[in-house]
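Below is one structure, written out as structure tokens; comments come after it.
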Amino acid sequence: MKKSELTIVYNKLLSVNHINNKNGNGPWAFPYYKESSKVMFSHYGWKIHISATLVNALYIAQLFFDFLKNSNLDFKIISSIPELEKINSSNYGVSQVGKFITIYPPQDKIYSILKKLNKLFKGIQSLKIPSDYQFLQNQCVFYRYGTLTYDYLQIDFRNKTMMPQKLPFIDFTRKRYHLLPKYYLIIRPLIQKGGAGTYLGLDLSNKHKIILRYSIPLYDIDEFNIDKIDRLNSSQDILTDLERYSEFEKVLDSFYVNDALFLITKFVEGKNLYQILKNECVSLHRKIKIFKNILYAFKILKKEGIIYRDLSLKNIIVTDEDSIVLIDFEYAISITSNQVYSQAGTYGFYDHQYKKLDYSVDSFSLGSLLYYMINFKEYFEYENNMNVSATIDDIEKRIKKTTPLPKNIQKIYLYLNHHNDPNYNSLIKLVDNIITEQ
């Protein structure tokens, strides 16, 4: 589209969406129906900037206006295509480059709005805004703490040095590097999948072993525009809320290296449950004791409003005392989240026909886990014989649970495996009775 045609179409788009671009506000246009709420805030606070270029300005503006139908936000937008060209050419200063839309969010909603905008604009290429922080490496979504009305203290130099009294989300505190910090040493890869991976490492500052997980933008993106960076970020949020409990892995650090997000967690001494069942002769008594500890961890998750969604034999680390630590919280979600998520889980541990997101998702997984702990041979044979190109129906046929369980264990298995909202206190009592009987 020629620039002259683009200008006409853009002006029409602003008019249709009730944006006044003829009120003497320089490069900025505001909604007709209300004044900018900058005047409602204190002089300083959070604001969000959406970046755009001449190539994608129309598309980004339309996405944003559609988004506003369900979100009441105060904002300003570039008043014309010539003004966008000027701002992106540094005519208004280097700190203004890329600023297409400025949003003045409710200050207590900044993080939730950033996450929604991240999903909305994910994958669109645009200019970096020099004065702002890039949110989860999204090329369109930026934010900073600074002047909202008048810089009466003359302290906002647009250089990312202004700090709020309270830090509302982790991304703001993350360091941005071009190389992995020298105090982190990679020992060997544990999982390597193109744009993401997991490494065993060493923190040279204290000689402690660590786990390093990383991902580049857009890797393993799903149908709801959630990629692995989103999942690493979410897992840090959840694990931070759970840090007082010993049953879950501990986050030590997170940072960016160029475009990749790194999440550092404490290495857990022990073996995963799969290794133990495969390589050791494990008595029924010990299996039930370990399962009781797993139930207790899920009791905590339910109390804290968390659905884990990715239970498997390999995501449970068993220590020398048979205590357990759950790892890998990338697919865990809060029960109060109003986002839409794709199904998640390890084959054999989730029901692909069950579409709800509730606590019974974990209940079903726990039932499957109990079955495979007792009859590990079935799971081992399934895993070793399954072709990578198998359909989910093929997988379901192969993992039919046919070997009988002891009657007292069968009762617990059936309860868990039928999508009940689990009462963990009752379940733990039933397990205690089995332990006592042995």
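The condition (being of a type in the set (A, V, I, L, M) and either closer than 27 Å to residue 233 by Cα or surrounded by 19 or more Cβ atoms within 10 Å (Cβ to Cβ) (or both)) is satisfied by just one residue among 301, 284: 301.
Identify, please: which residue in region 90-106 is part of a loop (DSSP other than H, G, I, E, B) and touching a Phe, Trp or Tyr at 6+ places or on another chain (Cβ under 8 Å) and is, among those, modelled with the highest pLDDT? Only one residue tops the list, namely 98. Among the residues of region 384-420, those identified as closer than 18 Å to residue 346 by Cβ, in a helix (DSSP H, G or I) and at pLDDT 80 or above are 413, 416.
Take the conditions under 29 Å from residue 234 (Cα atoms), hydroxyl-bearing (Ser, Thr, Tyr) and surrounded by fewer than 21 Cβ atoms within 10 Å (Cβ to Cβ) and apply them to residue 296. Does it pass? The answer is yes for residue 296. Total residues in region 217-256 satisfying the condition of being of a type outside the set (D, E, K, R), crowded, with 19+ Cβ neighbours inside 10 Å and in contact (Cβ under 8 Å) with a residue 60 or more places away in the chain: the figure is 14. If you take the residues of region 338-363 that are of a type outside the set (Gly, Ala, Ser) and in contact with a His (Cβ under 9 Å, 6 or more places away or on another chain), which of them is farthest from residue 109 (Cα to Cα)? Filtering region 338-363 for residues that are of a type outside the set (Gly, Ala, Ser) and in contact with a His (Cβ under 9 Å, 6 or more places away or on another chain), the one farthest from residue 109 (Cα to Cα) comes out as 351. Among the residues of region 286-328, just one is modelled with pLDDT under 95 and of a type in the set (Val, Ile, Thr), namely 319. Residues in region 266-301 that are in contact with an Asp or Glu (Cβ under 8 Å, 6 or more places away or on another chain) and assigned to a helix (DSSP H, G or I): 286, 289, 290, 292, 293, 296, 297, 298, 300, 301.
Within region 316-340, residues that are under 16 Å from residue 272 (Cβ atoms) and touching a residue at least 40 places away in the same chain (Cβ under 8 Å) reach partners that are of a type in the set (Ser, Thr, Tyr) and exposed (fewer than 14 other Cβ atoms within 10 Å of the Cβ) with beta carbons closer than 9 Å, at six or more positions or on different chains, in the pairs 323/246; 325/246. Residue check: residue 214 meets all listed conditions (1) over 20 Å from residue 177 (Cβ atoms); (2) crowded, with 16+ Cβ neighbours inside 10 Å but one, namely (1). For region 140-206, no strands (runs of 3 or more DSSP E) sit wholly inside it while including 2 or more residues that are at pLDDT 85 or above, of a type in the set (Lys, Arg) and surrounded by 16 or more Cβ atoms within 10 Å (Cβ to Cβ). Report yes if residue 331 is modelled with pLDDT of 90 or more, under 27 Å from residue 239 (Cβ atoms) and assigned to a loop (DSSP other than H, G, I, E, B), otherwise no. Here the answer is yes, as residue 331 does meet what is asked. For region 281-314, enumerate the residues that are under 15 Å from residue 361 (Cβ atoms) and charged (D, E, K, R). Those that are under 15 Å from residue 361 (Cβ atoms) and charged (D, E, K, R): 302, 309, 310.
When residue 224 is tested against the conditions (1) modelled with pLDDT of 95 or more; (2) among the aromatic types (Phe, Trp, Tyr); (3) within 30 Å of residue 133 (Cβ to Cβ), the lone failure is (1).
Six or more apart or on different chains, Cβ atoms under 7 Å: show the pairs whose first residue is in region 186-198 and touching a residue at least 60 places away in the same chain (Cβ under 8 Å) and whose second is part of a loop (DSSP other than H, G, I, E, B) and not hydrophobic (A, V, I, L, M, F, W, C). Taking only residues 6 or more apart or on different chains, not a single pair turns up.
In this structure, does residue 212 turn out to be closer than 14 Å to residue 261 by Cβ and touching a residue at least 12 places away in the same chain (Cβ under 8 Å)? Considered against the rule, which asks whether it is closer than 14 Å to residue 261 by Cβ and touching a residue at least 12 places away in the same chain (Cβ under 8 Å), residue 212 comes out as yes.
Entry remark, region 68-96: residues being among the β-branched types (Val, Ile, Thr) and over 17 Å from residue 29 (Cα atoms) number 1 in total. Taking (1) assigned to a loop (DSSP other than H, G, I, E, B); (2) in contact with a helix residue (DSSP H, G or I) (Cβ under 8 Å, 6 or more places away or on another chain) in turn, residue 336 satisfies each apart from (2).
All of 351, 320, 259, 310 fail the test of being of a type outside the set (Phe, Trp, Tyr) and in contact with an Asp or Glu (Cβ under 7 Å, 6 or more places away or on another chain), apart from 310.
In region 304-313, the count of residues that are out of contact with any Lys or Arg (no Cβ under 8 Å at 6 or more places or on another chain) and over 23 Å from residue 423 (Cα atoms) is zero. In region 240-247, is there at least one residue being modelled with pLDDT of 95 or more, closer than 28 Å to residue 116 by Cβ, assigned to a strand (DSSP E or B) and in contact with a Lys or Arg (Cβ under 7 Å, 6 or more places away or on another chain)? No: region 240-247 contains no residue that is modelled with pLDDT of 95 or more, closer than 28 Å to residue 116 by Cβ, assigned to a strand (DSSP E or B) and in contact with a Lys or Arg (Cβ under 7 Å, 6 or more places away or on another chain).
The values are calculated or read from the model by the stated rules, or taken from the named source; none is laboratory data. Just so we're clear, the structure is a prediction, and the values are computed from it rather than from any experiment. No Cβ is skipped: glycine too gets one built from the backbone with ideal geometry, and neighbour counts run over all protein chains shown.
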